[in-house]
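Each value in this text was obtained by applying a stated rule to the coordinates, not by laboratory testing. If you're wondering where the values come from, they're calculated on a predicted model, not measured in any experiment. FYI the Cβ positions are ideal-geometry reconstructions off the backbone, even for glycines, and counts take in every protein chain you see.
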Amino acid sequence: MVSSSRCISAAPWLLLLTAVHASAQACPAIPSLASYNNTALPDLFTFANGQKVQTLADWACRRQEISTLMQMDELGTLPDPPASMTASFSGSTLTITVSEGGKSITFAPTITYPNTGTAPFPALIGMGGISIPSPAGVAIINFNNEQMAAQDTAASRGQGLFFNLFWERRVRRCIIILALCGQALIFLRLGAMMAWAWAVRVIMDALEQTPAAKINTARVGVSGCSRNGKGALVAGAFEPRLVLTIPQESGSGGTDSWRISDFIFSTGILTQNASEIVQENVWLSTNFDQFANTSVDKLPFDHHSLGAMVAPRGLFVIDNIGIDWLGPFSSYGAMVSARTAWTAMGASDSMGISQASNHSHCVFPSTQQPQLTVFINKFLFDQDTDTDIVETAGNYTFEVPDAQWAPWSVPTLV
Ligand code: MCU
């Protein structure tokens, strides 16, 4: 929910956002999905119990259901905000200290202010920095995600400030009181991306309570490239105050579909898939291993579901069709499918996809600049720009319904 009182405008996407999040109703219970098996991307508009999603209020419930399932099976559980948080700003550094049960950690994102514009500034949180050109008038908040939760190799699990705060103490307690081991396990299993998303939420809280940082907290987005693009998408999905999410060349674990990537891999194209990613790094919860090592068809969601969690806020997906490892067709299929969430709300132009021709990884091509600019201007500056963009240099054709991958129809949510 947009909670800052500063600079709230009546932009249509913002009104829709309020409608989606304001709809409080009893949501359907999630049935046992132990025997779930689906070779296609699960229907975004059907609840796990088979009920259809027909209204914006239903979508709020379906979004919550997707969030629960993704936390459970893939990303790990997003912890509650810390028991206490203090923030101060000095020079260009926002120093944040969070405490939980006697343990504290401090982390300090740095802010680079634009040469133009006026305070309070719109901003982009850079997940490990940004790899898009800094937009004019926008502050860049550099978040050191690797310090929060490491992502070097498979041996990085449980390393970083996040785990120092939540985990060590719980493991120690679990050795003394067995009943507390369940709590420790939650943190032991959690993937690095969920730790980063938790920290992004803390950064938003810190910015809201620190006017000296001169950030308009109603106009903050997130971006990152490659592994940090995966993290940017997860942060955008789970932090509803972010108004714009820009994952760049994020590949598998980001904008790609697990199912489509497995299919591409099976045709002999070297694309990163689930069984590889769980061995390579710690972005995902260990709960995901059972799916990665048997069949991703057992997942009651895919990454079109993760993308759809951002709706109706801004999402601009930047891809590179020249690198097979990134699975560009997988990203296209998943993101065209995700876009139906916006279409169902009458807001398809708040979600854009741009796949440029081959270039060096994370080196932003100037051909994508005009598209990036219209998204920045709409979501960070409230301008009425034309953001109706779905373009691929890959000449892929994919539409919903798609007989193989998305055999479901798109309702008009009322
Ligand atoms: C696209 O993101 C990752 C990819 O998932 C990894 O397999 C590879 O090792 O590194 C990429 C990356 O983050 O490159 C900077």
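For region 79-392, go through all pairs of different Cα atoms, get the mean of 1/r, take its inverse, and jot down that Kirkwood value in Å. Write out the running numbers ahead of the final one.
Numbers: mean 1/r = 0.0503 Å⁻¹.
That comes to 19.9 Å for region 79-392.
Listed by chain and number, the lysines whose C-alpha is less than 26 Å from the C-alpha of Lys230, apart from same-chain residues fewer than 8 away, are Lys298, Lys378.
How much length, in nm to one decimal, is gained on full extension between Ala83 and Thr153, taken as 0.36 nm per residue of separation minus their Cα-Cα distance? Display every interim value, and only then the final one.
Details: separation 70, 0.36 × 70 = 25.20 nm, distance 3.07 nm.
Here the answer is 22.1 nm.
Taking amide H as placed 1.01 Å from N in the peptide plane, the amide H of Thr245 sits under 5 Å from that of Val222, Gly314, Leu315, Phe316, each at least 5 places away or on another chain.
Annotation: amide H-H contacts under 5 Å for Asp319 (H modelled 1.01 Å from N, sequence separation of 5 or more, or interchain): Glu249, Ser354, Gln355, Ala356.
Can you tell me which aspartates and glutamates have their Cα less than 19 Å from the Cα of Lys214? Leave out same-chain residues fewer than eight positions away. Of all the aspartates and glutamates, those that pass the test against Lys214 - Cα under 19 Å, at least 8 places apart if same chain - are Asp205, Asp382.
The dipole here belongs to region 261-414: it is taken about the Cα centre, uses +1 on the Cβ of Lys and Arg and -1 on the Cβ of Asp and Glu, and is about 180 debye. Dividing the convex hull volume of the alpha-carbon atoms in region 260-352 by its residue count gives 107 Å³ per residue.
By the count of other C-beta atoms within 10 Å, a proxy for reagent exposure, Met72, Met127, Met335, Met351 are ordered fewest to most as Met72, Met335, Met351, Met127.
By other beta-carbon atoms within 10 Å, ranking Ser223, Ser35, Ser337 with the fewest at the front produces Ser35, Ser223, Ser337.
Let me check I've understood the local charge: for Thr387, count other residues with C-beta under 11 angstrom from its C-beta, Lys and Arg +1, Asp and Glu -1. What total comes out? Numbers along the way, then the final one.
On the way: positive: Lys378; negative: Asp349, Asp384, Asp386, Asp388.
Surrounding charge for Thr387 is -3.
For region 101-163 and region 387-414, compute the distance between their C-alpha centroids and round to whole Å. The distance from the Cα centre of region 101-163 to that of region 387-414 comes to 33 Å.
Treating only the Cβ atoms of Lys and Arg (+1) and Asp and Glu (-1) as charged, compute the dipole magnitude of region 280-368 about its Cα centre; round to the nearest 20 debye.
Numbers: 3 positive and 7 negative charges, 53 e Å.
Computed about the Cα centre, the dipole is about 260 debye.
Let me have the 222 nm mean residue ellipticity of the chain computed from DSSP H runs of 4+ only, each contributing -39500 (n - 2.57), with the sum over all residues rounded to the nearest 500. Walk me through the intermediate numbers first.
Values: 13 runs with 140 residues, N = 414.
Counting only the DSSP helices, I get -10000 deg cm²/dmol.
The dipole here belongs to region 79-392: it is taken about the Cα centre, uses +1 on the Cβ of Lys and Arg and -1 on the Cβ of Asp and Glu, and is about 980 debye.
Among residues other than Asp205 whose Cβ falls under 13 Å from its Cβ, what is the net charge (Lys/Arg +1, Asp/Glu -1)? All intermediate terms of the calculation are to be shown ahead of the outcome.
Values: positive: Arg201, Arg241; negative: Asp80, Glu208, Glu239.
Once all neighbours under 13 Å are counted, the net charge is -1.
A dipole drawn for the chain from +1 and -1 charges on Cβ atoms has a positive end, and of Ala136, Ile277, Ser366 the residue lying farthest that way is Ala136.
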